[in-house]
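Please treat every number below as a calculation from the coordinates, not as lab data. Keep in mind the model is a prediction, meaning the values are calculated, not measured. For neighbour counting, all protein chains shown are included, and Cβ atoms are generated from backbone atoms with ideal geometry for every residue, glycine included.
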């Protein structure tokens, strides 16, 4: 039985898929898809989903209809607050994923109104991937106007040490690029960090909170977990902010 392969790419802004079998490769005409999800990476994900559908004999039109019905994905560039400023929650915790998120949101900023991007981040699980911590901080300082470094999933590691390592990368980025104007905050309590981001935001600004997405808990020392939901905390703190104002 001949093996079927589906190849996909984005070229000159167009979605392209090729079907290959028995060393014969033929392009397929991909319809224009009105994808509601932000970011080029989501178009790549959509193409991958289409290829899975085609492999199961689901036609392109059906794939298009299904994809266009998706308004958001929990914890994946999820728009939690829309006005007077936008607040997004995303799972990104690797340098590559984080940079793509920041680049996507940078393109949506209104440069004429001088809107800011305010970023809340931590570093993934304590006890692992320590090399990523300063890199994540560096990226935040590079792309964000205000950076708030907070707790994420420290496990058995000292959370302040993790925060300091992330902050080290942020401060090094500013040292190497003195023209870069950015504020760095270190706040241990994640709720307080989110509250701080909301307090800093002005109409038209963008807040992006990364690292947890829709994960339901924060992992602490000795296997302890506390119930958590970034999106829910954002909504709760935003309601408090509205009452105060």
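Key figures
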read-out	value
Most mobile of 133, 175, 191 in a GNM of the chain (Cα contacts under 10 Å)	175
Inter-label distance, nm, simple model (7 Å from Cα along the C-beta direction), residue 224/residue 61	5.9
Estimated distance in nm for a label pair at residue 176 and residue 114, the labels positioned 7 Å out from Cα along Cα-to-Cβ	2.8
Order of 58, 207, 174 - criterion: other Cβ atoms within 10 Å of each residue's Cβ, fewest first	58, 174, 207
Top of 159, 27, 134 by mean-square fluctuation, Gaussian network on the chain, Cα under 10 Å	27
Label-point separation in nm, residue 29 to residue 52, each point 7 Å along Cα→Cβ	2.7
Residue-averaged 222 nm ellipticity for the chain, from DSSP H runs of 4+ at -39500 (n - 2.57), nearest 500	-12000 deg cm²/dmol
Computed lengthening from residue 158 to residue 183, 0.36 nm per intervening residue step minus Cα-Cα distance	6.6 nm
Footprinting exposure proxy for 8, 102 (fewest neighbouring C-beta atoms within 10 Å first)	8, 102
Shape of the stretch 78-244, Cα gyration tensor, a/c cut at 1.5	oblate
Cα centroid separation, the stretch 46-63 to the stretch 149-213 (Å)	39
Using alpha-carbon coordinates, inclination of helix 190-200 to the longest axis of the chain, degrees	90
The stretch 1-129: C-alpha gyration tensor shape, a/c 1.5 cut-off, then a/b vs b/c	prolate
